[in-house]
Amino acid sequence: MDRRNLGIILIFIGVLLIALSYTLIAREEPQTFEYSEEHTIPPERYYRSCLPLVEGDNITIVVNTNNSIGLAFTPADTVYDVLAKKSYSNISAPQGVYSTVINTTQDYCLLLINNGDNDVSVSYTMNITRLTFVEPIPYVSITGLVLVGIGIAVLYSIPLSKAKEYSDIITGDNIVCRTKSLNKHECVITLPSINEESLERIVEHMTSNLGYREKKRLGDTIVFLEKKGSILPTNNYSRKRRSVIVSIEPGILRLNYIISMASASGPMDLEGIYNEVKTLEKLFIENL
């Protein structure tokens, strides 16, 4: 079995284990969080406590008080509307219970309002029950992550090991292409017919015939182009995702290629790049 197939198989098994751990092994279990506080609220005053909650949280609030008190549990952005309209529940001494289920993930506030003429001593306990994913066998997903990492490393080792078999520079009559790093390459075409007015013809050729699309222009002499391609490792240069910075000056056309790291193959990509640049050279020789 070659290394490419081995890497793909390892990644596939790893992803399968991760998916298995979350679909068949992991399960939802309720977890309960508890908050308790005591306060003395003066007449015509209120106490407020806010916290972030998640959709589906089940809230139970047990209030102990020495006098009747108002209670509201509301989204944080509606607190002042609730107070202004007095749209809250009344809790009578000595104890009251309030329950609700959260239907939107956001911040919520508990309001305890004293509308009486005397201080009110109040204590409350808030229980939040939340469903969370629990993986009873965590090493299944961990093993999957390790296999995915090993598979990716194996795939990346292929171009690195084969790079020594390829030259990092290719030259032609008017072209010099060289590899600068694993995913970066530069080609220079030198012809006296190249000038700033040639840029539009270059862009038209690369977008119409080579599958690129123009992404950005930097002034009148620099264009950034990109080509969509496979996000998976591949040895086929024509299928690789890449971008090109095209710059032009009198007599010189410079193309800086950046290959997606997912499929970059170092000098192995240089021949495909050179053949692509040759079509531009031909365009100049025949049409300029």
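Being loosely packed, with under 13 Cβ neighbours inside 10 Å and either at pLDDT 90 or above or of a type in the set (Lys, Arg) (or both) is a property that does not hold for Thr179.
The set of residues from the range 87-130 being under 44 Å from the mean Cα position of the chain (by Cα) and part of a loop (DSSP other than H, G, I, E, B) comprises Ser87, Tyr88, Ile102, Asn103, Thr104, Thr105. Of all the numbered requirements in (1) of a type in the set (Val, Ile, Thr); (2) closer than 19 Å to Asp173 by Cβ; (3) surrounded by fewer than 16 Cβ atoms within 10 Å (Cβ to Cβ), Ile231 misses one, and that requirement is (2). Being in contact with a Ser or Thr (Cβ under 6 Å, 6 or more places away or on another chain) and crowded, with 17+ Cβ neighbours inside 10 Å is a condition met by at least one residue of the range 82-89. Do we find that Val146 is in contact with a helix residue (DSSP H, G or I) (Cβ under 6 Å, 6 or more places away or on another chain), at pLDDT below 95 and outside the structural domain of Pro43 (by TED's automatic domain parsing) in this structure? Answer is no for this residue. Which members of the range 207-230 meet the condition of being assigned to a loop (DSSP other than H, G, I, E, B) and farther than 16 Å from Val277 by Cα? Hits for the range 207-230 are Leu218, Gly219, Asp220, Thr221, Lys228, Gly229.
As a summary of the residue check, Thr221 satisfies the conditions (1) closer than 18 Å to Leu280 by Cβ; (2) modelled with pLDDT under 90; (3) within 24 Å of the chain's Cα centre (by Cα) except for the one numbered (3). Per the conditions (1) hydroxyl-bearing (Ser, Thr, Tyr); (2) surrounded by 15 or more Cβ atoms within 10 Å (Cβ to Cβ); (3) out of contact with any Cys (no Cβ under 8 Å at 6 or more places or on another chain), the sole criterion not satisfied by Ser193 is (2). Among the residues of the range 240-251, those that are more than 16 Å from Arg213 (Cβ to Cβ) and outside any loop (DSSP other than H, G, I, E, B) comprise Ser247, Ile248, Glu249.
The values are calculated or read from the model by the stated rules, or taken from the named source; none is laboratory data. Small disclaimer: the values here were computed from a predicted structure and weren't measured. Heads up, the Cβs are rebuilt from the backbone with ideal geometry, glycines too, and the neighbour counts pull from every protein chain shown.
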